[in-house]
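Visitor: Handing you this structure, nothing more for now.
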Amino acid sequence: MRRSLSLALVALGASGPYLDAQRCPENQASRVRPTLRHAELALAGTYRAPFEFLCGAPATVRVTQAAGELTASVLADAGCAQAGRTRWTGQVPGPGQASFAARAAGADGRMVEAEGRVADLCTLEITVGRRTSAWHRMDPACPGENTPLVVFVGGFADGLNRNVVRIFCAYDERWEHTRKLYFSHGDAVQEMARVIRERAAGAPVALIGHSYGGNLAWLLAESLADDADVRLLVTLDPVSGEREGQQAPRPPGVERWINVRVGSAPGLSSCGLAGAIGGAWGPQPAADADLRFPRDPAKDDPDNDHCKTEQMFLLDEVQAALAGVR
């Protein structure tokens with residue numbers, strides 16, 4: 001009976017290839033930016049403002065970062081009068097902050113008050129009055145299109161409850177200077193692996209899956225072992241009939257594996273039952289981090305813990321690991 005119910009859940013929850021998760025709101029209210037809180041913003045480098053010109057060439061500066069201050073000095077030929085001059089300065093933004101106080105060279109060369117903003121990991125914006133200049137990083141720290149690919153895999157009925165779709169939409173790929181991709185857990189592993197290989201094109205890969213999608217993310221890591229650079233595997237309360245209550249071996253080639261598991265017994269809600277009938281995995285000692293959720297057993301919510309995907313995804317260990325995928 002339990003096996004039949006589990007198969008029924010799989011059939012009902014499958015939502016076809018690539019659930020149209022690209023139906024994300026145009027103006028996403030919440031943004032998940034792991035590097036903003038879990039990595040030091042290393043902003044020093046070479047930047048260019050393509051629509052501004054100095055001595056007949058696009059304005060280019062070298063930004064240095066020292067003692068909590070950013071200084072942008074003009075890079076130009078020796079014959080350019082502004083070569084070496086300070087174009088703007090600013091305070092390095094604190095943890096969790098994207099805006100910073102700045103000063104910029106005005107039309108007469110004198111420094112005036114300005115506003116700075118980290119638009120993403122490769123773009124700084126400096127605003128003087130109503131004019132904003134976007135400075136795009138040019139050095140190898142921002143290597144064009146060969147950026148990490150972050151893959152999200154939805155679990156049972158994700159097309160309805162949007163547990164993983166919500167975190168897929170909230171994850172800010174532009175800020176993180178990554179690319180992102182979504183699959184339904186009902187898609188064929190080999191086809192998914194083929195698409196990931198093509199999209200990644202040798203760039204680092206992070207796999208994040210919930211429930212049945214967690215099991216599938218693990219299978220994807222195993223399938224990609226020989227021909228993809230899987231830097232991170234995150235399994236959020238994974239379930240599958242064949243591994244119920246069991247320990248999974250570490251997929252070969254995975255640099256870091258974080259497993260999050262619900263600590264309480266399942267409840268009687270549809271969410272609690274989905275975790276139970278699906279076949280919750282046991283503790284995973286082969287993972288680099290095997291996290292109980294919630295950490296405090298006094299906060300257990302058996303009816304809903306399995307579906308608290310966003311809270312699991314926002315755990316410090318998960319976010320810090322994502323910030324490190326470069």
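The values are calculated or read from the model by the stated rules, or taken from the named source; none is laboratory data. Nothing here was measured: the structure is a model prediction, and the numbers come from that model. All Cβ positions, even for glycine, are placed from backbone atoms using ideal geometry, and neighbour counts span all protein chains on display. For accessibility, only protein heavy atoms count, side chains too; no ligands or nucleic acids. Shrake-Rupley method; radii C 1.70, N 1.55, O 1.52, S 1.80 Å.
Visitor: When region 259-289 is examined, which residues are found to be surrounded by 19 or more Cβ atoms within 10 Å (Cβ to Cβ), of a type in the set (A, V, I, L, M, F, W, C) and in a loop (DSSP other than H, G, I, E, B)?
Guide: Correct list: W281, A287.
Visitor: Can you tell me how many residues within region 162-185 are in contact with a helix residue (DSSP H, G or I) (Cβ under 7 Å, 6 or more places away or on another chain) and either in contact (Cβ under 8 Å) with a residue 60 or more places away in the chain or at positive phi (or both)? Even if it seems obvious, please write down each step before you answer.
Guide: Start the filter on region 162-185 by keeping residues that are in contact with a helix residue (DSSP H, G or I) (Cβ under 7 Å, 6 or more places away or on another chain), which leaves 163-167, 176, 179-185.
Next, from what is left, pick out any that are either in contact (Cβ under 8 Å) with a residue 60 or more places away in the chain or at positive phi (or both): 163-167, 176, 182-185.
Going through region 162-185 one residue at a time, the tally reaches 10.
Visitor: Report the residue count in region 108-161 for those that are open to solvent by 50 Å² or more (accessible area, probe 1.4 Å) and of a type in the set (D, E, K, R).
Guide: Summing the residues that are open to solvent by 50 Å² or more (accessible area, probe 1.4 Å) and of a type in the set (D, E, K, R) in region 108-161 gives 8.
Visitor: Considering R292, R231, R256, which residue is in contact with a Leu (Cβ under 7 Å, 6 or more places away or on another chain), of a type outside the set (V, I, T) and either modelled with pLDDT of 90 or more or surrounded by fewer than 18 Cβ atoms within 10 Å (Cβ to Cβ) (or both)? It would help to see each step written out before you state the result.
Guide: On the way: R292 fails: in contact with a Leu (Cβ under 7 Å, 6 or more places away or on another chain); R231 fails: in contact with a Leu (Cβ under 7 Å, 6 or more places away or on another chain).
Exactly one residue qualifies, and that residue is R256.
Visitor: Does V164 meet the test of being among the hydrophobic types (A, V, I, L, M, F, W, C), part of a strand (DSSP E or B) and crowded, with 22+ Cβ neighbours inside 10 Å? Break it down into steps so the answer makes sense when it comes.
Guide: Values: among the hydrophobic types (A, V, I, L, M, F, W, C): yes; part of a strand (DSSP E or B): no; crowded, with 22+ Cβ neighbours inside 10 Å: yes.
No.
Visitor: Here is a follow-up. Sort out which residues of region 58-78 are aliphatic (A, V, I, L, M), more than 30 Å from L314 (Cβ to Cβ) and surrounded by 13 or more Cβ atoms within 10 Å (Cβ to Cβ), and write them in order of number. First the steps, then the outcome.
Guide: Applying the first criterion (aliphatic (A, V, I, L, M)) to region 58-78 yields 59, 61, 63, 66-67, 70, 72, 74-76, 78.
Adding the requirement that they be more than 30 Å from L314 (Cβ to Cβ) leaves 59, 61, 63, 66-67, 72, 74-76, 78.
If the condition is that a residue be aliphatic (A, V, I, L, M), more than 30 Å from L314 (Cβ to Cβ) and surrounded by 13 or more Cβ atoms within 10 Å (Cβ to Cβ), then A59, V61, V63, A72, V74, L75, A76 are the ones that fit.
Visitor: If we scan region 48-55, do we find a residue that is of a type in the set (K, R), touching a residue at least 24 places away in the same chain (Cβ under 8 Å) and open to solvent by less than 80 Å² (accessible area, probe 1.4 Å)?
Guide: no
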